[in-house]
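Q: Below you will find the structure I want to go over with you.
Please treat every number below as a calculation from the coordinates, not as lab data. Remember, predicted model here, so these are calculated numbers, not experimental data. Neighbour counts are summed over all protein chains in view; Cβ atoms, including those assigned to glycine, are modelled from backbone coordinates with ideal geometry.
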Amino acid sequence: MRKLLFLVAMLLSVAVSAVTYDVVPLPQSVDMQKGAPFILDGSVQILSPVELQQEADFLQQYMEDMVGIKPSISQKREKKLRYIELSVSPKVSASEGYVLTINNKGIAIQGGSAAGVFYGIQTLRKSIDGLQPLPAVVITDAPRFSWRGMHLDCSRHFFSVSFIKKFIDLLALHNMNVFHWHITDDQGWRIEIEKWPRLIEVGANRTGTIIGTNSDLDDNKPYGGYYTKAEAREIVAYAAARHITVVPEIDMPGHMLAALASYPELGCTGGPYQVGHYWGVYKDVLCVSNERVYQFVEDVLTEVMDIFPSEVIHIGGDETPTEKWEQCPKCQVLQKSLPTPQQKSEEFSPLTSKLSPLQAYFTKRVFDFLTAHHRRALGWDEILDGSPQDAMIMSWRGMEPGSKAAETGHDVIMAPTTHCYFDYQQVEDTQFEPSRCGGFIPIEKVYALDPAPDSLSVEARKHILGTQANLWSEYLTTESMVEYHALPRMSALAEVQWTQPEKKKFEDFIQRLSGFTQLLDRYHYSYCKHLWPERQIPNRWQF
């Protein structure tokens, strides 16, 4: 009998050692405890108050996915039963923080809010390895940044509602809480606006797409697609259930060629215009001296605000050529009446140009409209010059514009091309890569990003809300290519967003990432396997 007990103990210790809570992103504190582990079996129930029913439902589904057990959900505790207990507790000071406690009697997930409980559930989900016992532990955790985002461009190439949901599930798996949805651009208008129906009748469709990298060859194949209001609301609700805010982007006054093709009177020349086939920057922009343009903008934003409850609305503002304004008599008359905006970017890199007084005028009117409707405007870093002090800035042309904006009191999201453009290549040898996009951002460079470095003043660091990566879809033509370019770099970004920098170690992260990819496989995500050569096609030339 003694030998049998010894054997059971040895087997149990081996089983326990298989679960180490080496998850992605890395929690702030993992404190292993003495005592027997928690055994997963069919007798386990989920104990949850009514207000956490949604989180309990997710946990139930995750348990079924991971171990084939679908525990029942109860609001009332019974003696002699073992529970995974969910609760919101005032003892957890951070709103998105949680404490995950595991011992042989049960599992408790306490959150500072329902969101905190949800992130605790994600850590539990990522720790489960089949029916292996879960060692006793106390995990105390909270995110470093409040803005933990991913962007997806659905204008250049259109992606289905079902894929958007799958993409949102990927955000949830990485503890991200913002989905930046780019839904209008030169190459396609993708959101239904009832007051301006030609936006989807005309602007959602192009008659062809350039082949290659802006070559002289066009495929001449009609391409289009748009999201109805009902579909957009469905996506918003799907994200909200996972504590993710959908931030829509209506890029203006540039990147508006699809809108101009729909309503030529909104441009300086009156057209004719055509929905864009090529990638890049088009010279035709909204005519900022035309009052009908502002009626258009306000109508669009009114319907957008009705669909998207997000406090923040992204208004773009990047890459706006002034050539058409310079040639427009009405715009020139308006410009002469305007003061030159105060410049804030004189010390920026050569990429930075001074904001046109006309764009500053346009931007302020849009900002004032959103502010009057109790929303906040966010724009790319070009809008910094002449923008109101409460403007939120998304820094894409490197870290410098965002740093300067934060030092002058603007709230900032860092999304620099140097680290966060995930449509760029992630391997140097691109011979077998699916995308022809240029640029090179390896996973180790993503992991090295510090959005709020010590070089900033203490006050400026308070204005760095967080960071996100951008997936522009000029060369991401399929849903699997979007996943492939996002992963596994998205996992590195998640740790930048969540984990305190002093706890980050790239070599340790890569080890944890290897286990994390089992979840990606389970949920059928495509990802780049350059870190695991043994998983790649053994001989790419012979099949």
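Q: Too long at a 30 Å Cα-Cα cut-off: which of Lys105/Lys126; Lys165/Lys283; Lys462/Lys503; Lys229/Lys364; Lys324/Lys364?
A: Cα-Cα > 30 Å for Lys165/Lys283; rest within.
Q: For Lys336, list the aspartates and glutamates whose Cα falls under 13 Å from its own Cα; do not include residues on the same chain fewer than 8 positions away.
A: Straight-distance partners of Lys336: Glu326.
Q: Going by alpha carbons, how many degrees (0 to 90, nearest 10) lie between the helix axis of 229-241 and the longest principal axis of the chain?
A: Roughly 40 degrees between the two axes.
Q: One-quarter of the Cα convex hull surface for the stretch 231-373, in nm²?
A: Details: hull surface 42.0 nm².
That works out to 10.5 nm².
Q: Classify the stretch 43-87 from the C-alpha gyration tensor, please: rounded if a/c falls under 1.5, else prolate or oblate depending on whether a/b exceeds b/c.
A: Cα axes put the stretch 43-87 in the oblate bin.
Q: What value, in deg cm²/dmol to 500, does the helix sum -39500 (n - 2.57) over DSSP H runs of n ≥ 4 give at 222 nm once divided by the residues of the chain?
A: -10000 deg cm²/dmol
Q: Can you compute the modelled spin-label distance between Gln54 and Asp390, with each label point 7 Å from Cα toward Cβ, in nm?
A: Modelled inter-label distance: 2.6 nm.
Q: Okay, next question. Expected output is a single nm value to one decimal: the length gained when fully extending between Glu311 and Ala94, i.e. 0.36 nm times separation in residues minus the C-alpha distance. What is it?
A: 76.1 nm
Q: Still on this structure: Assuming a ≥ b ≥ c are the square roots of the Cα gyration tensor eigenvalues, decide whether the stretch 17-141 counts as rounded (a/c under 1.5), prolate (otherwise, with a/b larger than b/c) or oblate.
A: Rounded shape, in that the Cα axes give a/c under 1.5.
Q: At each listed q (0.17, 0.22 Å⁻¹), what is the log10 of I(q)/I(0) that the Debye formula gives for the stretch 374-449 modelled as equal alpha-carbon point scatterers?
A: After summing over all Cα pairs, the log10 values are -0.68, -0.90.
Q: Distance in nm between label sites at His374 and Glu323, each 7 Å beyond Cα in the beta-carbon direction?
A: According to this spin-label approximation, the distance is 4.4 nm.
Q: Continuing with this model, one more query. If you keep only loop residues by DSSP, which trypsin sites (Lys or Arg not before Pro) in the stretch 193-252 have at most 16 other Cβ atoms within 10 Å of their Cβ?
A: Answer by residue number: Lys195.
Q: Let me ask another. Could you tell me how far the Cα centroid of the stretch 219-298 sits from the Cα centroid of the stretch 415-468, in Å?
A: Using only Cα atoms, the two centres lie 27 Å from each other.
Q: Here is a further query. Check the straight Cα-Cα distances from Lys70 and name the aspartates and glutamates below 17 Å, setting aside those fewer than 8 residues away within the same chain.
A: Asp41, Glu55, Asp57, Glu85, Asp129
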